[in-house]
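A.B. asks: Got a structure here, written out as structure tokens. Questions coming.
The values are calculated or read from the model by the stated rules, or taken from the named source; none is laboratory data. Computed from a prediction, not measured in an experiment: that's the story for all the values here. Virtual Cβ from ideal backbone geometry, glycine too; neighbours counted across all protein chains shown.
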Amino acid sequence: MSWWLLHVDLDQFIAAVEILRRPELRGRPVVVGGDGDPTRARQVVATASYEARAFGVRSGIPLRVAARRCPEAVFLPSDPPAYRAASADVMATLARFPVQLQVYGWDEAFLGTETGDPMALAVDVRRAVLDGTGLSCAVGVGDNKLTAKHAARFAKPGGIHQLTAATWMAAMGAKPAAELWGVGPKTTKKLTALGLHTIADLAGADLATLTEHFGANAGGWLQLSARGTGETTVDTTPWIARSRSRETTFAADLTDRASVAQQVAALARALGADVIGDGRRVTHVAVKVRFSSFYTPTRVMKLRAGPTTDLDEIERAALTVLDKFDLDGGRPVRLVGVRTDLAMEDP
DNA sequence: TCTGGGGTCCTAGGACCC
DNA sequence: TCTGGGGTCCTAGGACCC
């Protein structure tokens with residue numbers, strides 16, 4: 001018996017939920033994103049089915065590009081409530097196992113358990129999810145969260161894979177450092193400049209060099225990750241959101257200050273109603289503006305009178321924060337967003 | 001073919017106080 | 001009179017993830 005972590009990762013989750021309620025779509029290229037109209041600009045792919053991915057359709061590319069790459073694809077609007085409900089079903093299924101469960105977003109979870117046969121557990125989990133919800137998942141088995149997460153990548157789609165400290169370097173060493181969980185484009189660029197290309201390069205790199213370029217925290221974390229070391233604990237406490245935000249990209253840029261202010265006020269009220277409805281108190285209000293140049297500053301204000309549940313105060317604060325922006329001359333605005341930071345005491 | 005939306009965490013730097 | 005250093009609060013931005 002020893003401590004194992006399983007990472008459960010649902011396959012093409014959003015597309016899979018859509019296919020589940022429209023079985024006639026199974027086997028076809030399905031693309032979900034925006035309002036589902038690929039002729040409209042400024043909308044991107046949320047998830048593509050594996051059939052659509054074969055045409056080069058990936059998350060994040062414009063719907064128009066997806067339509068060009070795969071004209072026969074079925075385009076569907078994003079339906080977050082349906083995905084939330086499907087996710088809750090999956091998590092409820094996982095919670096029935098004698099494990100510690102950490103929900104990790106809509107379509108992922110970590111399971112921690114003391115067991116002598118983690119692969120058998122993985123088989124049971126995958127079967128239970130499929131039988132209980134109709135959704136297929138990959139299960140990664142590891143000795144920590146990092147190895148479990150990467151094991152799940154090997155297992156995708158729909159499989160089971162084990163990765164531990166003992167097998168890490170043989171499986172991962174030759175891969176580009178960019179494939180490491182937590183290493184994004186910026187870090188990759190800096191690593192490349194240091195001559196560190198693979199995960200093995202990073203694992204063998206001089207720690208002083210890493211901390212010099214990435215800071216003591218990130219530098220140490222990078223090296224540990226490259227060596228396959230990660231968290232072994234599962235946080236089972238229910239998640240309490242630190243913030244909630246809402247943003248809108250306009251089909252056409254806004255060019256007058258009054259329209260921008262009106263949009264900010266509307267977002268602030270809608271968002272405020274949501275968080276207050278959830279019994280939360282707002283500590284800060286932030287506003288984000290994306291100009292046509294894609295320059296995207298954010299400004300934030302702490303509410304001086306303390307955490308509030310007053311919708312009018314939230315709206316006023318958002319408009320006050322908006323005043324910090326230079327909107328002179330009708331600089332074209334393509335997006336505005338409002339974020340509320342939430343008090344973390346008991347609501 | 002111009003680039004969504006919703007999050008978290010970390011760091012740097014200025015203000016201010018002692 | 002020409003000036004150190006620590007601590008904390010606050011904001012802005014960077015980076016990454018799903």
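A.B. asks: Take the residues in the range A:37-51 that are closer than 12 Å to A:ILE14 by Cβ and away from DNA strand B (no atom under 11 Å from the Cβ), then tell me which one is surrounded by the most Cβ atoms within 10 Å (Cβ to Cβ).
C.D. replies: The qualifying residue surrounded by the most Cβ atoms within 10 Å (Cβ to Cβ) is A:ALA48.
A.B. asks: Follow-up. Looking only at residues that are closer than 16 Å to A:LEU222 by Cα and of a type in the set (Phe, Trp, Tyr) in the range A:151-183, which one is nearest to DNA strand B (Cβ to nearest atom)?
C.D. replies: The residue in question is A:TRP181.
A.B. asks: Could you identify the single residue in A:LEU303, A:LEU267 that is at pLDDT 95 or above and closer than 22 Å to A:VAL44 by Cβ?
C.D. replies: A:LEU267
A.B. asks: Also, I was wondering about something else. Looking at A:ARG246, is it under 21 Å from A:VAL336 (Cα atoms), loosely packed, with under 13 Cβ neighbours inside 10 Å, among the charged types (D, E, K, R) and within 24 Å of the chain's Cα centre (by Cα)?
C.D. replies: Criteria not met by A:ARG246.
A.B. asks: Say whether the condition of being in contact with a helix residue (DSSP H, G or I) (Cβ under 8 Å, 6 or more places away or on another chain) and within 16 Å of DNA strand B (Cβ to nearest atom) is met by at least one residue in the range A:94-106.
C.D. replies: yes
A.B. asks: The conditions are (1) within 13 Å of DNA strand C (Cβ to nearest atom); (2) among the aromatic types (Phe, Trp, Tyr); (3) closer than 16 Å to A:ARG331 by Cα, and A:TRP221 fails exactly one of them. Which is it?
C.D. replies: With respect to (1) within 13 Å of DNA strand C (Cβ to nearest atom); (2) among the aromatic types (Phe, Trp, Tyr); (3) closer than 16 Å to A:ARG331 by Cα, A:TRP221 is out only on (3).
A.B. asks: Another question about this same structure. When the range A:164-180 is examined, which residues are found to be within 14 Å of A:ASN144 (Cβ to Cβ) and either without any contact (Cβ under 8 Å) to a residue 24 or more places away in the chain or of a type in the set (Val, Ile, Thr) (or both)?
C.D. replies: Of everything in the range A:164-180, those that are within 14 Å of A:ASN144 (Cβ to Cβ) and either without any contact (Cβ under 8 Å) to a residue 24 or more places away in the chain or of a type in the set (Val, Ile, Thr) (or both) turn out to be A:THR164, A:ALA166, A:THR167.
A.B. asks: Which of the residues spanning the range A:253-277 are free of Cβ contacts under 8 Å to residues at least 60 places away in the same chain and within 12 Å of DNA strand B (Cβ to nearest atom)?
C.D. replies: A:ALA270, A:ASP274
A.B. asks: Starting from residues that are in contact (Cβ under 8 Å) with a residue 40 or more places away in the chain and part of a loop (DSSP other than H, G, I, E, B), keep the ones in the range A:38-69 and report whichever is nearest to the chain's Cα centre (by Cα).
C.D. replies: So, considering only residues that are in contact (Cβ under 8 Å) with a residue 40 or more places away in the chain and part of a loop (DSSP other than H, G, I, E, B), the one nearest to the chain's Cα centre (by Cα) is A:ARG42.
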